[in-house]
Amino acid sequence: MTNPVNRRGTLYGVGLGPGDPELVTVKAARVIGRADVIAYHSARHGRSIARGIAEPYLRAGQVEEHLVYPVTTETTDHPGGYAGALEEFYADATRRIAEHLDAGRDVALLAEGDPLFYSSYMHLHTRLTQRFDAVIIPGVTSVSAASAAVATPLVAGDEVLSVLPGTLPVAELTRRLADADAAVVLKLGRSYHNVREALSASGQLDDTFYVERASTSGQRVLRAADVDESSVPYFSLAMLPGGRRANGRTSAGTVAVVGLGPGDNDWMTPQCRRELGAATDLIGYAGYLDRVPLREGQRRHSSDNTDEPARAKLACALAEQGHAVAVVSSGDPGVFAMATAVLEEAKQWAGVQVRVIPAMTAAQAVASRVGAPLGHDYAVISLSDRLKPWEVISARLAAAAAADLVLAIYNPASKARRWQVGAMRDVLLAHREPGTPVVIGRDVSGPDENVRVVRLADLNPDEIDMRCLLIVGSSQTQWYADSSGDRVFTPRRYPG
């Protein structure tokens, strides 16, 4: 490129694609051929993969800046250790390229794949663009090349692709793989043992492809389970395609009772999301099913919120026919929810297995909004007398209050049940001070969230409905206000 006098050069971050020179874009080839300076990285052995890909597009007379890493995976005696050695290298490489740019020479800094996708280019980009203009030439990534190598669709529809570095800790990699619709794990090499362990632990090993040096003459495609761990190069990846759940890789003939948590999808566990995604049939109250993303081919069976036995029977019947059924509950399915109804019904279905998938329940959600009112012993009681007589509820309230337990009160009121909250207050006041804090949590984590703290004596039944949960403090529960609002906690130490 011809540069006018006093003109600064331009930095070009050039993506070369995954390895095949024919996958270099037309624009990248043109920039490489016109640049004054070609810069590229290599390890200390001096062989640069990037230069090898770009070689057909180089021209005579170009200046080459060979940036040799002082370390890659080996140890170093640099006084700053591995990080210090690399920082010194990047500072020197920045200086060398800046000299060309200051002199008006355009520099093409080569990068395998795409310059801004797990690339060495980015380290120099952040340093050089503080002073110089940069143009990014995108490239075909190894992810696309691997998908082409196995001729398998990677994602479709509303599936989500997760791209993960194999250098993550095994437990974190396992968690992310288990929650993924589809995934690609990069940076294998020495990390492949851990990647294989995570794939196995997440139940994904048999579905995963291993692709080595995609698009090059050295390309290899294997089942991930068949790979010799001692021969895995850095330029390889593990690819877990989507479509497995839609193609029937589910727990057919079983019922999973799944809790959605209290409302906010951020509080739904990865395991719950996996079960919902794997199910062929979803059963639940229509309002709860509306919180579950639609999946192609999934059947939904909605009903009124009071129809628990019918939902449980339908779940068992579908499971006996070989369906993978998820029964959906709000909060935790084992706390005043569908798990009990399904297990009770399943006793009559010898071939149906039931699994309960736990989730955050409303008591923890409400407690979190004011601090830690459940920090010591507490009891969980439902005020609904639809399935048990009020005499039992009243006796349990009195016993828990006499034992000085904090109380988490579910189902406090409904349109048809209006007097129970006042009756509860009167029972508790026989054992608690009038100033005992009561946390009123309504629609916590939902769009109409409202959380207040009142004195027990001031608890107004007219302000309570079915979307509320109450937490009544013990004699030790403390309540104060700060800049964030009401704070309530129950100390873990009880007076001797």
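The phi torsions of the stretch 7-16, fed into the Karplus equation with coefficients 6.51, -1.76 and 1.60 and a -60° offset, translate into couplings of 7, 6, x, 10, 8, 10, x, 9, x, 9 Hz, rounded to whole numbers, with Gly and Pro shown as x. Close amide-amide hydrogen proximity is noted between Ala324 and Gly253, Thr280, Asp281, each under 5 Å apart and 5 or more residues distant or on a separate chain (H modeled in the peptide plane; Pro and chain starts excluded). When the charge dipole of the stretch 11-139 is built from unit charges on Cβ atoms (+1 for Lys and Arg, -1 for Asp and Glu) and taken about the Cα centre, the candidate among Ala60, His41, Pro79 whose Cα reaches farthest toward its positive end is Ala60. Taken one residue at a time, the phi angles of the stretch 40-57 give Karplus couplings (6.51, -1.76, 1.60, θ = phi - 60°) of 7, 9, 7, 6, 5, 5, x, 8, 9, 4, 4, 5, x, 5, 7, 3, x, 10 Hz. Gly and Pro are set to x.
Evaluating 6.51 cos²θ - 1.76 cosθ + 1.60 at θ = phi - 60° for every residue in the stretch 232-237, the Karplus couplings come out as 8, x, 5, 8, 8, 8 Hz, glycine and proline recorded as x. Once both labels are positioned 7 Å from their Cα atoms along Cα-to-Cβ, the gap between Arg455 and Asp385 label points is 2.8 nm. Per-residue ellipticity at 222 nm from helix content only, as computed over the chain with -39500 (n - 2.57) for each DSSP H run of at least four residues, stands at -8500 deg cm²/dmol. Would you give the gap between the C-alpha center of the stretch 421-451 and the C-alpha center of the stretch 334-353, rounded to a whole Å? Cα centroid to Cα centroid, the span is 32 Å.
Please label the shape of the stretch 344-404 as rounded, prolate or oblate, based on the square roots a ≥ b ≥ c of the eigenvalues of the alpha-carbon gyration tensor (a/c under 1.5 means rounded; beyond that, a/b larger than b/c means prolate, else oblate). Judged from the Cα gyration tensor, the stretch 344-404 comes out oblate (a/c at least 1.5, b/c at or above a/b). In terms of the mean number of neighbouring beta-carbon atoms within 10 Å, the peptides 55-63, 109-117, 16-24 order highest first as 109-117, 16-24, 55-63.
Pull out a ≥ b ≥ c, the square roots of the eigenvalues of the alpha-carbon gyration tensor of the stretch 1-83, then state rounded if a/c is under 1.5, prolate if not and a/b is larger than b/c, and oblate in the remaining case. Oblate, since a/c reaches 1.5 and b/c is not below a/b. The alpha carbon gyration tensor of the stretch 11-139 gives principal lengths a ≥ b ≥ c with a/c of 1.5 or higher and a/b greater than b/c, which makes the shape prolate. Multiplying the residue separation of Asp465 and Arg299 by 0.36 nm and removing their Cα-Cα distance gives an extension gain of 56.5 nm. In the context of the full set of protein chains, the stretch 254-360 has a per residue accessible area of 46 Å² (1.4 Å probe). Put simply, when 328-340, 473-485 are sorted by average Cβ atoms within 10 angstrom per residue, most first, you get 328-340, 473-485. Summed over the residues of the stretch 155-230 and divided among them, the accessible surface reaches 47 Å² per residue at a probe radius of 1.4 Å.
State the percentage of accessible surface on the stretch 123-195 attributable to carbon and sulfur atoms; use a 1.4 Å probe and exclude ligands, DNA and RNA. That fraction is 55 percent.
Determine, at each q value in 0.08 (inverse angstroms), the log₁₀ of I(q)/I(0) that the Debye formula gives when each Cα of the chain is one equal point scatterer. Each listed q corresponds, in turn, to -0.72.
Distance distribution P(r), the stretch 34-74, all Cα-Cα pairs, bin width 10 angstrom from 0: 28, 52, 17, 3 percent.
Dividing the convex hull volume of the alpha carbon atoms of the stretch 363-489 by its residue count gives 98 Å³ per residue.
The values are calculated or read from the model by the stated rules, or taken from the named source; none is laboratory data. Please read these numbers as outputs of a predicted model, since none were measured by experiment. Here Cβ is always computed from backbone atoms with ideal geometry, including for glycine, and neighbour counts include all displayed protein chains. For accessibility, only protein heavy atoms count, side chains too; no ligands or nucleic acids. Shrake-Rupley method; radii C 1.70, N 1.55, O 1.52, S 1.80 Å.
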